[in-house]
Amino acid sequence: MASPLRSLVNDDSRYQKSFQLFLERSSEHQCMQDFIHNILPDILTSVGDGKSHLNVIGVGSGAGEMDLEIFSELHQKHPGVTVDNEVVEPNSQQLHNYKAAVSQKPGLYYIKFTWNQTTASEFEEHWKEKKMTKKADFIHMIQMLYFVKDPEATINFFHSLLNKNGKLLIIQMTATSGWEKLWQKYRNQLFKGERGPCVTTGDIKTILDSKGLSYQSYELPSEMDITKCFTEGDEKGELLLDFLTQLVNFSQTAPAELKAGVLDFLRQPDCSVESNGQVIFNNTMEVIVINQLRRVC
């Protein structure tokens, strides 16, 4: 008999609701903003390299919140530079929200936006079909490698687009995060017949090391309050459970044994800590900044 469990990525409305609640309940965006404003500026120094124009690609940019934060720092670091920004985002609502944010934010006169409602793999196909020779000075892929079929091939393609002194920035969950622990333990039950979103910065580093690519990494400690997941019938708790398992209506459609197992595991030290009646999930991420040049052995 077919499993009643459905992937959350196939229900966009439910996905967007659970994702927004995840952002509200976690410190994810705050941690990213801290990195962008405190550490990224030094990384961006070499990207400009005396240029008057820069090419940027945002892969899986969503509604553009982090993109606009990055541009704020890029403009401060290189105030006279103009920018071509290729936005790669398959979700129409997210792309609409990004465009709306741009229209409401003053001072972006130095950026030319090109909107690509497409997946990373489709963007690659179109790029190759057109035999594009354009190179990029800065590419960012923030929390998006979970959604590609072949993370290694995706990294290889976008790295190949880097200009001299270019940087490819990836943000992904770490192998020590609660996500990795949960998804590894219940991988077969949650992602039957599919690879699932189980790719961490540990996997990415293995790929980069095998290719001799030079990179730097920065851990971003982050957490999420998942207390409501343990209140039966709580709407927000059910949405968070959907996001954690990446399944639609997990609380209502999962077999009782699987649901009980997941809820119990979410309380374990591998995933969370309990403090003052709250269950705080380990949402730790890592930034990997890949250089255009390979390591010199």
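The values are calculated or read from the model by the stated rules, or taken from the named source; none is laboratory data. Model, not experiment: these values are computed from the prediction. With ideal geometry, Cβ positions are generated from the backbone for all residues, glycine too; neighbour counts draw on all protein chains shown. Areas reflect the complete protein model, heavy atoms only, side chains present, ligands, DNA and RNA absent. Shrake-Rupley method; radii C 1.70, N 1.55, O 1.52, S 1.80 Å.
Odds and ends about this structure:
- Heavy-atom accessible surface of the chain, averaged per residue, reaches 47 Å², computed with a 1.4 Å probe.
- Hull volume in cubic angstrom per residue (convex hull over the Cα atoms of region 196-235): 105
- Using only alpha-carbon positions in region 248-297, the gyration tensor eigenvalues give semi-axes of 37, 18, 10 Å once each is multiplied by 5 and square-rooted (largest first).
- Computed in the context of the full set of protein chains, the accessible area of region 117-164 at 1.4 Å probe radius has 50% of its extent on carbon or sulfur.
- Degrees, to the nearest 10: 235-245 long Cα axis against longest axis of the chain: 70
- For region 86-172, the C-alpha radius of gyration divided by 2.2 N^0.38 Å, with N the number of residues, is 1.14.
- Between region 74-107 and region 49-72, the C-alpha centres lie 7 angstrom from each other.
- Rolling a 1.4 Å probe over the protein heavy atoms of region 251-297, with every protein chain left in place, gives an accessible area that is 51 percent carbon and sulfur.
- Listed residues 286, 24 arranged by accessible area, highest first, probe 1.4 Å: 24, 286
- Computed from the Cβ-Cβ distance with R0 of 51 Å, the FRET efficiency linking residue 278 to residue 160 stands at 0.65.
- Projecting the alpha carbon convex hull of the chain along each direction and taking the average yields 16.9 nm².
- Additional length obtainable on full extension of the chain from residue 205 to residue 34, 0.36 nm per residue less Cα span: 59.3 nm
- Between 0 and 90°, nearest 10: helix 120-129 axis offset from the chain longest Cα axis: 30
- Paramagnetic reach from residue 104 (point 7 Å along Cα→Cβ, amide N under 20 Å) across region 29-65: 29-30, 33, 61-65
- Flagged links, alpha-carbon separation over 26 Å, of 17/149; 205/228; 99/164; 181/205; 51/131: 205/228; 99/164
- Cα-only Debye scattering, region 193-293: base-10 log of I(q)/I(0) at q = 0.13, 0.20, 0.23 Å⁻¹: -0.61, -1.04, -1.22
- What a 1.4 Å probe finds exposed on region 1-113 is 49% carbon and sulfur by accessible area, rounded to a whole percent.
- Ellipsoid semi-axes in whole angstrom, largest first, where each is sqrt(5λ) of the Cα gyration tensor of region 139-236: 30, 16, 12
- Computed lengthening from residue 115 to residue 264, 0.36 nm per intervening residue step minus Cα-Cα distance: 49.3 nm
- Contour minus Cα-Cα distance for residue 93 and residue 42 (0.36 nm per residue): 15.0 nm
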